[in-house]
Structure formats: structure tokens, C-alpha cells
Amino acid sequence: MSQNREAAISRRLPIASLAAIGLGLMLTAGTSQAASETEKMELSHAAIIGATCMGCHGFRGMGSGEIPRLAGVAKEVTAGKLLEYKSGALEGTVMNRIAKGYTDDEIQAVAEFFANQ
Amino acid sequence: MSLSRRGFLKLSMAMAGVGAATGLAGCQDSNSMADAKRVVVIGGGFGGATAAKYVKLFDPSVDVTMIDGQSSHTTCPFSNLVIGGLKDIDEITHDFSALEKRGINVVKGWVTGIDAEARTVTLKDGSRYEYDRLVVSPGIDFNYDAIEGYSEEVANTKMPHAWQAGEQTLLLRKQLEDMEDGGTFIMAAPPNPFRCPPGPYERAGLIANYFKENKPNSKILILDPKTNFSKEPLFREGWTANYGNMIEWIGGDFGGGVESVDPDTMTVVAGGTEYQGDVINVIPPQKAGWIAHEAGLVDDSGWCPINTGTYESTMHAGVHVVGDACIGSPLPKSGFAANSQAKNCAAAIVAMFHNENPPEPSWVNTCYSLVAPDYGISVAAVYAVEDGKTVSVEGAGGVSPLGGKNAEKEAGYAHDWYASITEDIWGS
């Protein structure tokens, strides 16, 4: 992994390398959720479902305004809500229409995916 | 699935001849990089930028290059808010710096050719990029010839389409600002299939909102070759609730299809009737972006046929097409769909590099439209693969309820959605 990162940096112009060093400092300082060239997302059906949720819930499920954060939320909480949206026990705006598109297993899997973000 | 399976096997055989990547740290010789898998992405919009980011996310060792003619992307979603005077164009323009920070090689340039045999992309300046997998996400182009008197020049000067956000978005905004109270705004809506099915009708509402507040005696006329349109009952209800009878829609059954335009007299002819407008927005019939035609990726429909889930072209192996340019139905030609497609495509590409079967695909589309600044409506669907075909999952999806009970909430969600998806693509 680190070899690839170094290789990637080595191909860039010096100014880009400086930017990358600056990024490293930002990460060290913990001031930002800045991008990393080695940041990885699992390759799975749950990740694909999760990635499509991010179209509204933000990258890695960070949430935005009134659209709730999913990242780091306990699996039971997310799965519970999705199952309630699916059954109609919980009334939302768009989520009833969306939750009905998934099997219960898919709901459990995507809830776990976001719990781990 | 048989075609994509065959493509997969073919790739596996091709990869058998390629050795495993070895330590390349500090190596300056580009030839020595041949072992790293290379993905080139054409286009930095919803489809292209998402594909570039997610290939890198699913496998950081892949060498990803994204080529776009601009150094930033101005989104079509929310460009109706610029036209309606609710947002500045800078607020819907996103640069590529976050993608560069992820290690994606961002190149500004015009792609002039794709050699699918040699697996190379050539730019206008003569530079060439080799790839193992190519993602083409060029968006749309226009059939100007379909409307007599219309042309790219007329679109750039007198009757903008403003259907690719940018200069024409600002031109249309300026024309509306310059229009006198009591004037008529005419929109020629496009036939199916076209980018953003609810877009023309959202635009009409947000222009009506501008008129209501600033030029209340003005009128909006939509001339449409279609006999119905996306979220029609919701738009009609919202238009009446917010603007009374300011917006008139003439559909294809009643001669709504625009046949010709005359920019000198500012008239359009539809169904044999001539209409005079003060501001005229002509959104012509559409086709896949230019490079898709140039590279032989389109079929007779003018759009790009692809394999289910992988988005690999059925015309050229090793080339994937996502976004508005591909035949992605039942997903609509929307930014949200392009984002969803590109994630599935990226996963498939990385899986192929690793000689694995791609994860089972899954898609969502959620399109919010603002009828008025505080009045939003939505359509949503979930898609899955059944019997080798992409289908809309039965029992899921649909539109907002009539009656406007969620309209204010959904207007808020529209803004939150925009913040989320643009962050997902061009942000962190």
C-alpha cells in the first residue's frame, strides 16, 4: 500500500508532492477528514448499496442538513429504522419508497456497512 | 449477463500475461509503471468524477487519470436555481482538487480519439494515454438539425438551451432579467429520452417564481412534443398553488412540438401555429456526447448500449460508458443515476482487475425538483438485476403524495441532497 502511494507521488510534479506533504500534516493535526490516497472501501454488495445511499446521505454517510448521518451509527439503529420505513411503521418522505426496495438481509448488511464507517 | 460474462473471461485471459505489481517506490521511469492497472476516465461530471473516485477507493493501487475539457464542473442540477436567481453559478461549480488529493491524475484537455484495440486515448494536443479499462462519461450532445432555424450559434447567442450548465445558464438568466414585466417566456421542451426528465418543468416553476416576485404580469408557455411529463400531476398541482395560471403547457396532442424557430423575429412554430416570445429557451432533442459518436460507442438510437451492471460497452471491449450517454434504462438520465451507475461500474472494473466476479449491482435514483423555493417534490426508485436485466424493484419507489403535505420538507431535502452528492463526488 505505502509502496503504491510513494510510487504515485513520485510520478507527480514537485508542486504536487508539496501538496501531498501538506495533506499529510493536515491528517497529523487531525483538523480535517481530508482525502487519503490509500483510503479504501470494501468491494461488496453491501458497499455498493451503501455507496448509492451516499447520493443523499453524503460520502461515507456523513449526513447533510436534515438528511441524517449514518456513519458510525449502531447497526441495530439503522436496520431498525429501515425496517420500520419498509413496513410503514415509521412515516418518512422518501424513505418509505426507498426502503421497500431492499430485502431484510440487504438492510442488515448496509446497516453494518455504515456502522463501520 | 452472458455478454458481460464473456467480457470478463476475455479480460481474465488478457490479464494472465501481466505479472503482479512489484515494488515501484521512487521509480521515475514511466515504462516501469506498466504493471499498475490503469484506468482512464473521460469526463469530470457526475458519472466520470464518481467513477474516478470510486475506482481509487475500491483499489488505491490503480493508476487513475481523469480527463475533462474544463478545470471544474458546473452542475446541471441546481442550474435552474441560477436561472431563477436563487443561486450564484459559483455555488454550483466544483473543482477537481479533492480528486487530485486522492491521487487521481487530473488532466485538462479535449479527447479527440479513442483506439479501443490499442487501448489508448488521444488528446487534441497530441498527448496519448494508455489504459487497461476506459470509462467514458461525456454527457449529452444536441440534434440541432431537428428544429429548423436552430443551431449551436443561435443557442449561444439568442435562444439558449442552457441544458449544459455554464455560459448559456448565465445568458438565459440575463435575458430574463432584461425582460419587461408583461413579457412572455417560451420554453421548447425536448422529446424523450433526454437529460433530467423533470428539469424543464422545474425550470418553468423557478422562472415563474422570479416573475411572480419581479414581473407579475408575465407569462410562461411550455411547448412540448410529449403527451405527458415526469411528475406531471405534482408539477401541475404545485404550479397552480404557487403561480395560479401563469404557466401554460401545450403537449404533443395539441401541437406542442416545435418545428422551427426564427431568432430574428423571436418566434417559434409548433403544430402550425406561430408563437412570439420575449425570451425563448429551446431545449433540442439529445444524443450521447460527441466523443461517444466519434469512438463508435453509439447504436442507431444515438446512445451507447452497455452490459448490465458492468457498463462495459457492447460495441468495444474494455470501454465502459456511464451517465446520460449510456442506455441505462430503466434508470433515468439524471445526475443521481450517473453517480449510482459509476459506483457499480467502478466496482466491476476493480473486481475484474482482481479476477473476481463484480459484487451484485444495486442502484438508487432520487430526483428532487423545486416547484418553488419552499415547495419540493420527489421521485425515487431502487433498481436491481433480475434475469440478467436491470429492473426497477417492484413495490418500491414512486413520487411524493399529492396535496403538498411534504412539499416544504422536501424543498429542504433538495438542498441537503445537493450538498451531499456534490460532496460525495467532488468534495472530500
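Structure data summary
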| read-out | value |
| --- | --- |
| Extreme residue, positive dipole direction of chain B, given options B:113, B:50, B:407 (C-beta unit charges) | B:50 |
| Sorted peptide list for B:378-389, B:112-123, criterion being average Cβ within 10 angstrom, highest first | B:378-389, B:112-123 |
| DSSP beta bridges in chain B [antiparallel fraction, %, rounded to 5] | 55 |
| Three principal axis lengths of the range B:284-428 [C-alpha, angstrom, descending] | 49, 37, 34 |
| Fully extended contour minus Cα-Cα distance, from residue B:87 to residue B:355, at 0.36 nm per residue | 91.8 nm |
| Charge dipole magnitude, Cβ of K and R +1, D and E -1 - chain B, Cα centre, debye nearest 20 | 1040 |
| Dipole of the protein assembly as shown, positive direction: furthest Cα of B:41, B:358, B:85, with charges on the beta-carbon | B:358 |
| Set B:174/B:212; A:75/B:343; A:40/B:37 screened for pairs whose C-alpha atoms are more than 19 Å apart | A:75/B:343 |
| Heavy-atom accessible surface that A and B bury in contact, both chains counted, 1.4 Å, Å² to 100 | 4200 |
| Contour excess over end-to-end distance, with Cα ends at residue B:386 and residue B:36 and 0.36 nm allotted per residue | 122.6 nm |
| Inter-chain Cβ neighbour average for residues B:397-403, partner chain, 10 Å | 2 |
| Threshold 30 Å², the range A:41-83 residues less accessible with all protein chains present than alone (1.4 Å probe) | A:41, A:43, A:45, A:48, A:51, A:52, A:55, A:56, A:59, A:64, A:66, A:67 |
| Cβ charges +1 (Lys, Arg) and -1 (Asp, Glu), total dipole of the protein assembly as shown, debye | 1240 |
| FRET efficiency, residue B:293 to residue B:118 (Cβ-Cβ, R0 22 Å, nearest 0.05) | 0.65 |
| Heavy-atom accessible area per residue - the protein assembly as shown, 1.4 Å, Å² | 40 |
| Isotropically averaged projected area of chain B, using the convex hull of Cα atoms (one quarter of hull area), nm² | 21.0 |
| Peptide A:88-100 - average C-beta neighbours from other chains (10 Å radius) | 5 |
| Value of Rg/Rh across the protein assembly as shown [Cα atoms, Kirkwood radius] | 0.97 |
| Whether the range B:35-163 is rounded, prolate or oblate, judged on the alpha carbon gyration tensor where a/c under 1.5 counts as rounded | oblate |
| For residues of B:412-419, the mean tally of beta carbons on other chains within 10 Å | 5 |
| Mean separation of Cα contacts under 8 Å (6+ apart) over length of chain B, as relative contact order % | 18 |
| Violating pairs (Cα-Cα greater than 19 angstrom) within the set B:287/B:333; B:215/B:409; B:231/B:333 | B:215/B:409 |
| Sequence-distant lysines (8 or more away, or on other chains) whose Cα lies within less than 22 Å of residue B:124 | B:108 |
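The values are calculated or read from the model by the stated rules, or taken from the named source; none is laboratory data. Just so it is clear, the model here is predicted, and its values are computed rather than measured. Note: ideal-geometry Cβ built from the backbone for every residue, glycine included; neighbour counts use all protein chains shown. Note: areas computed on protein heavy atoms with side chains; ligands, DNA, RNA excluded. Shrake-Rupley method; radii C 1.70, N 1.55, O 1.52, S 1.80 Å.
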